Amino acid sequence: MKLASMIVFSSLVILMAMPSAMAVTWEVEIEDFAFVPGRLRINVGDAIEWRNRDDISHTATSDNGVFNSGLLARDQTFTFLFTEPGVYPYHCTPHPTMRDTITVVGPTGVGDLPVAPREFEIAQNYPNPFNASTTIGFSLPSDGRVTVEIFNLLGQRLVTLVDGEMSAGSHRMIWDAGELQSGVFFYRVGFDGQSRTGRMTLLK
């Protein structure tokens, strides 16, 4: 009986000593005026390393002041360790349309709560320039009717990607240029009587 008890006790000690999860360092590249990947869901204890791939300097700055990379020149990095669960929207200070969100989840899933953006914004499409398809991102502070339209240089509407009700939050739409030839195009996002327009370049 004593031997059996010792074996069971030893097994418990080994199991208790094993970590429940391994901490991870996630890599986010800042490229073509976008954070890639965008929205991330990570665990408490994980870290994120941002690396600027653009020739222009950028920052990774949280909206609530929790972290701030300062200006990152090309190939410079910034790493931040997340020790508290929560939702961390962040942006690039010199280019405020560059925005994304990090959700940090604790052991019980705390922090996995959606937070509506504070205002209506669009992001630069990614990639840009692009070949064949690109992603258009935008943020809505409340539920409402949304239109997403694509125009050519002559102002002619080529396609309507969205025309309907959408919920508050961050959204992404993919536009496939199909058989269109190389050129400059515009995307216009309409919401609540407002509109925002972005410029993009198709290279084939």
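Summary table
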item	result
Check on Ser182, modelled with pLDDT of 90 or more and hydroxyl-bearing (Ser, Thr, Tyr)	yes
Top-ranked residue of the range 32-49 - restricted to ones that are surrounded by 16 or more Cβ atoms within 10 Å (Cβ to Cβ) and closer than 22 Å to Tyr126 by Cβ, ranked as nearest to the chain's Cα centre (by Cα)	Gly38
Count of residues meeting criterion [of a type outside the set (Asp, Glu), closer than 16 Å to Glu27 by Cα and surrounded by 15 or more Cβ atoms within 10 Å (Cβ to Cβ)] in the range 50-60	6
Gln124 vs. criteria more than 22 Å from the chain's Cα centre (by Cα) and either of a type outside the set (A, V, I, L, M, F, W, C) or at pLDDT below 90 (or both)	no
Residues (among the polar types (S, T, N, Q) and in a strand (DSSP E or B)) located in the range 124-134	Ser133, Thr134
Of residues in the range 186-204 being loosely packed, with under 13 Cβ neighbours inside 10 Å and within 14 Å of Phe130 (Cα to Cα), the one farthest from the chain's Cα centre (by Cα)	Lys204
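The values are calculated or read from the model by the stated rules, or taken from the named source; none is laboratory data. Nothing here was measured: the structure is a model prediction, and the numbers come from that model. Heads up, the Cβs are rebuilt from the backbone with ideal geometry, glycines too, and the neighbour counts pull from every protein chain shown.
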